[in-house]
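Asks: Would you mind keeping the following structure in view while I ask a few things?
Coordinate-derived values only; no laboratory data. Fair warning: this is a prediction, and the values are worked out from it, not measured in the lab. Backbone-built Cβ (ideal geometry, glycine too); neighbour counts: all protein chains shown.
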Amino acid sequence: LFYVGDHSSTYVYRPNGMLFWWLTVAIADNSAVAHYAFNAAVHLLNAAIVVLVAARFASIPVAGALGLLFAVHPIGVATTSWLSDRYDLLATLGVLWAIAALERSIGAARPSPWLLPAWLLAIGSKETGLTFAVYLLIRILVARPWTRRQRIQVVAAMGATALLFLAVRLSLIHISEP
C-alpha cells in the first residue's frame, strides 16, 4: 500500500496510473518529451482499438474514419497533452481493450483471457473504468454469448474485482480520517 501515510491517497486510488508514472520516470527520468510521447502512444493505441472494435460493426473505411476522428478529436488531444490526465488515457485503454476482448469473444466458445486484465487496467487507472460493467451486462444480455455458466462466471469475476477495488479504495479513505 504505497499510498499509506500520504493524505493525497485518500482522494483517489489509482494504482495503475501510479505504476505507469513510476515506470515512465524510471525509464526516462523527468523528461517532458518522454512523458508526452508515452501519453501520445497510449492515445494512438486507443484510436487503433477504436478501429478494431468499429470494424466488427461497420466497413473498414468507416472504422478507419471513426478511429481517425477519435485520434484528432479535441477531447482526446487535450487529454493527451495534459500529463496529469494520464489516468484518463489508461482507463480509456482498459475500457477499449475490454470491449475489444469482449467483442472478439462473442461467438467464440469461451470468453477471451484478455477480458480480466483489460478490466483490471481500466478500474485500476481511474474510477470511470467501472463504466465497462454497464457495456458488459448489456452486451451479454443482447448477444447471449457462451453458456449460462460462463456468463455467470464472467459477471461474477468482474463484480468481485470491482467490489475488491471499491473496498480497497474505501478502506484507504478511512485510514486517514482522524
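Asks: So, in Å, what gap is there between the alpha-carbon centers of the stretch 86-105 and the stretch 43-59?
Replies: Taking the Cα centre of the stretch 43-59 as reference, the centre of the stretch 86-105 is 11 Å away.
Asks: Taking the highest mean first, how do the peptides 106-113, 61-68 order by number of other beta carbon atoms within 10 angstrom per residue?
Replies: Highest mean packing first, the order is 61-68, 106-113.
Asks: Taking the stretch 9-117, which trypsin sites (Lys or Arg not before Pro) meet the DSSP loop condition and have no more than 15 other C-beta atoms within 10 Å?
Replies: Arg56
Asks: Pulled fully out, how much extra length does the chain show between Ala167 and Ser81, if you take 0.36 nm times their separation in residues and subtract their Cα-Cα distance? Please list the in-between numbers first.
Replies: On the way: separation 86, 0.36 × 86 = 30.96 nm, distance 3.21 nm.
Going from the current span to full extension adds 27.7 nm.
Asks: Within the stretch 145-160, which residues have the backbone N less than 17 Å from the label spot 7 Å out from Ala109 along Cα→beta-carbon, could you tell me?
Replies: Within reach of a label on Ala109, which here means backbone N under 17 Å from a point 7 Å along Cα→Cβ, the stretch 145-160 contributes 145-151.
Asks: Obtain the nm distance between the two label points defined at Val134 and Ala28 by a simple spin-label model: each point lies 7 Å from its Cα along the Cα-to-C-beta direction.
Replies: 3.3
Asks: Shifting gears a bit: I'd like the Karplus ³J(HN,Hα) series for the stretch 58-64: coefficients 6.51, -1.76, 1.60, θ = phi - 60°, whole numbers in Hz, and an x wherever there's a Gly or Pro.
Replies: Running phi through 6.51 cos²θ - 1.76 cosθ + 1.60 with θ = phi - 60° gives 9, 5, 4, x, 5, 4, x Hz.
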